[in-house]
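The values are calculated or read from the model by the stated rules, or taken from the named source; none is laboratory data. Predicted model, so just to flag it, every value in this text is computed and none were measured. All Cβ positions, even for glycine, are placed from backbone atoms using ideal geometry, and neighbour counts span all protein chains on display. In case anyone asks, the SASA skips ligands and DNA or RNA and just uses the protein heavy atoms, side chains included. Shrake-Rupley method; radii C 1.70, N 1.55, O 1.52, S 1.80 Å.
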Amino acid sequence: MDPRTVHSQQNSKSSHLALDIGGSLIKLVYFSRSDECLIDDNEGNSSNESLVVSKKCPVLQGTLHFAKFETSKINDCLEFIMRNKLHLGGCQHGGSPDNYTVKATGGGAYKYADLIKEKLGVCLDKEDEMDCLVAGANFLLKAVHEEAFTYTNGRKEFVQIDQDDLYPYLLVNIGSGVSMIKVDGDGKFERVSGTNVGGGTFWGLGRLLTKCESFDELLELSHQGNNRVIDMLVGDIYGGLEYNKIGLSSTAIASSFGKAISDNKELADYKPEDVARSLLRMISNNVGQISYLNALRFGLKRIFFGGFFIRGHAYTMDTISVGVDFWSKGEAKALFLRHEGFLGALGAFASYENQPGSDDPIVRQLVQQSPISASHTGYKIHGSRNGECNDNESIECSVYVS
Ligand SMILES: Nc1ncnc2c1ncn2[C@@H]1O[C@H](COP(=O)(O)OP(=O)(O)OP(=O)(O)O)[C@@H](O)[C@H]1O
Ligand SMILES: CC(C)(CO)[C@@H](O)C(=O)NCCC(=O)O
């Protein structure tokens with residue numbers, strides 16, 4: 001847990017906790033208030049306050065916080081929520097604490113509803129996982145400055161999203177499993193494909209093969225490895241030559257893990273770091289390829305990748321980018337998101353907006369405090385951004401309430 005997050009939480013009132021309880025990780029988004037004011041929103045009054053609600057509206061200034069816990073350690077997560085009283089800041093129907101509800105999505109919103117009721121005394125208000133992923137992605141792409149970026153040759157380049165040219169796009173969420181969603185607008189989408197070979201496969205197989213004790217250790221190990229020791233390359237088959245006629249260079253992987261059977265090595269000679277690297281490459285490549293095929297199926301040029309499998313990891317992003325570029329012959333682009341793992345939780349957070357009959361202020365509009373182009377629509381942006389991306393990167397924002 002990032003200490004900055006806890007500190008700012010303790011100094012201000014928190015509200016609207018939302019949870020995304022996945023197969024591997026629980027993601028939390030919550031808002032802590034630093035200020036409350038009434039601002040006069042008159043249309044077109046400044047270049048970076050381009051979208052406007054033309055009436056006085058109450059605004060909560062504050063910070064959106066992000067945190068994650070392993071789902072297998074759900075009790076740590078519940079303790080964190082209790083310690084910081086996050087569950088008491090959401091929507092309350094009537095006077096009794098028993099009537100508090102917290103927005104939640106992901107399979108765990110069903111699986112752990114009773115446990116959460118028992119431990120926290122709150123009911124989960126369940127939101128559909130795909131709805132939340134799309135709402136979270138749309139929010140980030142429309143409202144958060146420098147959210148999407150490309151990753152080529154080790155370079156990260158932020159992409160300014162033109163609000164009028166956002167749809168359609170393919171959203172690929174690489175969690176434990178992978179969902180591929182064609183997004184056509186706010187709330188307009190179709191889950192067009194998925195694969196069970198995803199982040200859970202990388203972590204599960206990686207653990208079996210390397211004995212690593214944490215996901216981060218496996219990722220770090222992969223960083224040090226060389227996949228060519230394990231993977232069978234085109235050049236290994238063609239005596240160092242490329243197979244140009246079908247567009248394969250000598251260094252292209254002909255068969256992931258294929259060298260592990262053709263060598264005369266003992267099994268113990270294969271280093272865990274090389275195994276980890278091959279595995280990461282295999283999974284990333286496969287997701288990249290299936291994503292591209294789905295983009296091709298629907299004529300989509302942009303593929304946004306989310307989910308905690310990516311973890312901002314250079315080699316993962318590079319493999320996916322190179323794959324999409326290679327198969328699409330440069331036609332399609334892989335884009336990544338700074339808040340990659342929090343799409344579902346953000347979508348659940350934003351769904352407080354739809355809560356009828358609440359006694360508390362509800363989120364009507366969520367706005368990052370950051371400069372953005374004047375052509376922006378849908379969300380309004382003020383102020384400044386809070387540092388580089390990381391697991392728990394917070395967003396300074398205003399919540400418009402009604
Ligand atoms: N600290 C971590 N512990 C476990 N897995 C991690 C960690 N950090 C990143 N990961 C990776 O992220 C994946 C989970 O991503 P994410 O949280 O987006 O999905 P999920 O919601 O748990 O899964 P699903 O949506 O399929 O239920 C893991 O399978 C693993 O590959
Ligand atoms: C089952 C979910 C949606 C749960 O988040 C996810 O793990 C997933 O998309 N798995 C891939 C399932 C499939 O389409 O083969």
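Find how much the distance from Asn244 to Arg155 grows on full extension, using 0.36 nm per residue of separation minus their present alpha carbon separation; answer in nm with one decimal. Let's see the in-between values first.
Numbers: separation 89, 0.36 × 89 = 32.04 nm, distance 2.79 nm.
Taking 0.36 nm per residue and subtracting the Cα distance, the gain is 29.3 nm.
Using amide H atoms built in the peptide plane, which far-off residues or other-chain residues are under 5 Å from Leu25 H to H?
It is Thr71, by chain and number.
Write down the accessible area per residue of region 300-358 in Å², having rolled a 1.4 Å probe over the full set of protein chains.
That works out to 30 Å² per residue.
Among the listed pairs Lys156/Lys271; Lys68/Lys103; Lys27/Lys103; Lys27/Lys301, which are separated by more than 20 Å between their Cα atoms?
Numbers: Lys156/Lys271 30 Å; Lys68/Lys103 16 Å; Lys27/Lys103 12 Å; Lys27/Lys301 29 Å.
Listed pairs above 20 Å: Lys156/Lys271; Lys27/Lys301.
Rounded to the nearest Å, what's the spacing between the alpha carbon centres of region 117-194 and region 254-285? Just the number, please.
If you average the Cα positions of each part, the centres end up 33 Å apart.
Using a 1.4 angstrom probe on the protein heavy atoms only, could you order Cys132, Cys123 from most to least accessible area?
Cys123, Cys132
Starting from the Cα of Lys85, step 7 Å along the direction of its Cβ; do the same at Lys73; then give the gap between the two resulting points in nm.
Here the modelled spin labels are 2.6 nm apart.
Using modelled amide H (1.01 Å from N, peptide plane; none on Pro or chain starts), what sits under 5 Å from the amide H of Asp231, excluding residues fewer than 5 places away?
Amide H neighbours of Asp231: Phe257, Lys259.
How long is the gain from Asn226 to Ala113 if the chain were fully straight, where each residue apart is worth 0.36 nm and the alpha carbon distance is subtracted? Could you put the intermediate results ahead of the total?
Details: separation 113, 0.36 × 113 = 40.68 nm, distance 4.37 nm.
Stretched fully, the Asn226-Ala113 segment lengthens by 36.3 nm.
Pop out the ³J(HN,Hα) list for region 187-193 in order, Karplus 6.51 cos²θ - 1.76 cosθ + 1.60 with θ = phi - 60°, rounded to Hz; leave Gly and Pro as x.
x, 10, 7, 9, 7, 8, 6
Suppose the Debye formula is applied to equal point scatterers at every Cα of region 137-219; what is log10 I(q)/I(0) at q = 0.15, 0.19 Å⁻¹?
-0.76, -0.98
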